Amino acid sequence: MHHASGVPDDDSGTLFGLDALGPAPAPAERHSAFRTSAGARRLLPVRRIYAEPAAAASPRGQQIIARYPDAEVIPVDSHWRIPGLHGNEGNIDRWVRVKGETLVLGEKKTLTTRPNGRSADWIAPGPSNGCAMACAYCYVPRRKGYANPVTVFTNIDRIIGHLGRHVARLGPKPEPNQCDPTAWVYDIGENGDCSVDALICDNTADLVHAFRQWPTAKASFATKFVNPDLLDLDPRGRTRIRFSVMPPDESRLLDVRTSPVADRIAAAADFLDAGYEVHFNLSPVVVRPGWEDAWAELLRHLDDVLPARVKEQAASEVIMLTHNEELHEVNLGWHPRAEDVLWRPEIQQAKRSQNGARNVRYRNGVKGESVAALRALIDRHTPWLRVRYAF
Ligand code: SF4
């Protein structure tokens with residue numbers, strides 16, 4: 001095993017021999033049963049850990065490295081642009097494999113909380129960037145290229161400190177909005193999936209616990225993965241988990257490596273009973289022949305299987321598919337069947353974006369009609385499901 005810092009283990013067995021520098025002792029890692037299961041290892045059979053030296057030496061970094069004793073640790077100057085790992089070239093066929101076998105450890109340098117107003121009031125600096133799953137429409141890899149495994153930010157205490165100050169500065173929410181009637185909602189998972197992060201380390205647990213102490217705020221994250229370890233975190237109503245759902249046939253084609261949609265729905269009551277608020281993301285909505293029937297069936301399934309207590313507190317976001325020309329080209333290299341449904345130039349139009357990305361979305365008419373059609377299906381089949389916003 002190689003260590004990122006190049007400093008050999010000392011006799012006491014302390015990684016990196018960094019005692020003299022005095023890193024805070026790592027808090028005991030949570031005992032999380034699912035994390036060590038065969039199912040978790042299938043999703044993340046980690047073989048290589050690229051690590052910034054400071055990240056590797058941090059308590060969180062040491063915990064992660066210790067969890068994958070067979071992984072090779074490779075030092076890198078920066079978690080950005082690791083040659084041979086990020087980017088699109090030469091990795092297309094290995095893209096999916098890279099996501100499971102590789103982790104990156106880095107420190108989040110710039111901590112900013114951005115206003116949002118749709119999914120959440122605020123977008124928090126996330127505990128990770130990248131994802132071990134490989135949804136064909138995912139925009140998360142846009143800045144690192146599509147071969148983008150999970151980068152874990154090991155300076156979680158700084159992230160939480162930043163958030164605590166932001167929450168304190170804001171004070172109570174002055175008036176209700178669609179995000180939440182009373183709490184300021186912070187999305188903590190914009191660039192990854194917090195349920196998968198929780199397989200790797202306690203960053204998600206630390207955030208859930210932090211929000212529990214902030215009565216004016218609430219954490220929120222969307223997920224496509226059912227991680228039963230999250231049921232032990234005792235969020236006391238201060239974390240909203242949003243299970244993303246789409247018709248199962250479509251999900252099998254597009255949501256590569258995720259938990260089956262039926263499992264996400266079946267988990268909702270357990271998460272509610274464990275202290276989470278449980279919402280649903282109806283996303284992305286992909287317009288294709290027969291899509292309305294498929295969504296009607298999915299909504300009927302929600303209505304059939306969800307207990308009343310889940311329905312009473314549920315709300316949803318409806319997000320129409322946006323796609324991207326570069327992603328389209330990448331996908332043609334590894335998953336062309338997905339592009340049959342995602343890339344529909346006859347009903348899509350370019351969408352201006354500040355960063356020069358060539359994004360497309362459904363044409364105005366198609367989009368408006370589709371949102372109206374889905375809203376009508378919701379009224380009919382799941383009238384209890386308030387739509388927080390449709391976009
Ligand atoms: S689960 Fe989310 S973050 Fe991960 S690949 Fe799918 S859409 Fe992207």
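The values are calculated or read from the model by the stated rules, or taken from the named source; none is laboratory data. In this text, all values refer to a predicted model and were calculated from it rather than measured experimentally. Note: ideal-geometry Cβ built from the backbone for every residue, glycine included; neighbour counts use all protein chains shown.
Brief remarks follow.
- Among the residues of the stretch 219-241, just one is within 11 Å of the ligand (Cβ to nearest atom) and among the charged types (D, E, K, R), namely LYS224.
Residues checked against (1) at pLDDT below 95; (2) over 30 Å from VAL387 (Cβ atoms); (3) within 16 Å of the ligand (Cβ to nearest atom); (4) assigned to a helix (DSSP H, G or I):
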residue	(1), (2), (3), (4)
LYS99	yes, yes, yes, yes
THR112	no, no, no, no
ALA120	no, no, yes, no
GLY145	yes, yes, yes, no
LEU163	no, no, no, yes
HIS166	no, no, no, yes
CYS179	no, no, no, no
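- Complete set of residues in the stretch 203-242 that are more than 16 Å from ASP193 (Cβ to Cβ), surrounded by fewer than 24 Cβ atoms within 10 Å (Cβ to Cβ) and aliphatic (A, V, I, L, M): ALA210, LEU231
- When residues in the stretch 22-79 are screened for being at pLDDT below 95, assigned to a helix (DSSP H, G or I) and of a type in the set (A, V, I, L, M), 3 of them pass.
- Any hit, the stretch 288-310, residues being within 16 Å of the ligand (Cβ to nearest atom) and in contact with a helix residue (DSSP H, G or I) (Cβ under 8 Å, 6 or more places away or on another chain): no
- Within the stretch 122-134, the residues that satisfy the criterion of being out of contact with any strand residue (DSSP E or B) (no Cβ under 6 Å at 6 or more places or on another chain) and more than 10 Å from the ligand (Cβ to nearest atom) are PRO125, GLY126.
- Candidates are the residues of the stretch 247-270 that are within 13 Å of the ligand (Cβ to nearest atom), among the charged types (D, E, K, R) and not in a loop (DSSP other than H, G, I, E, B); the one that is modelled with the lowest pLDDT is ASP255.
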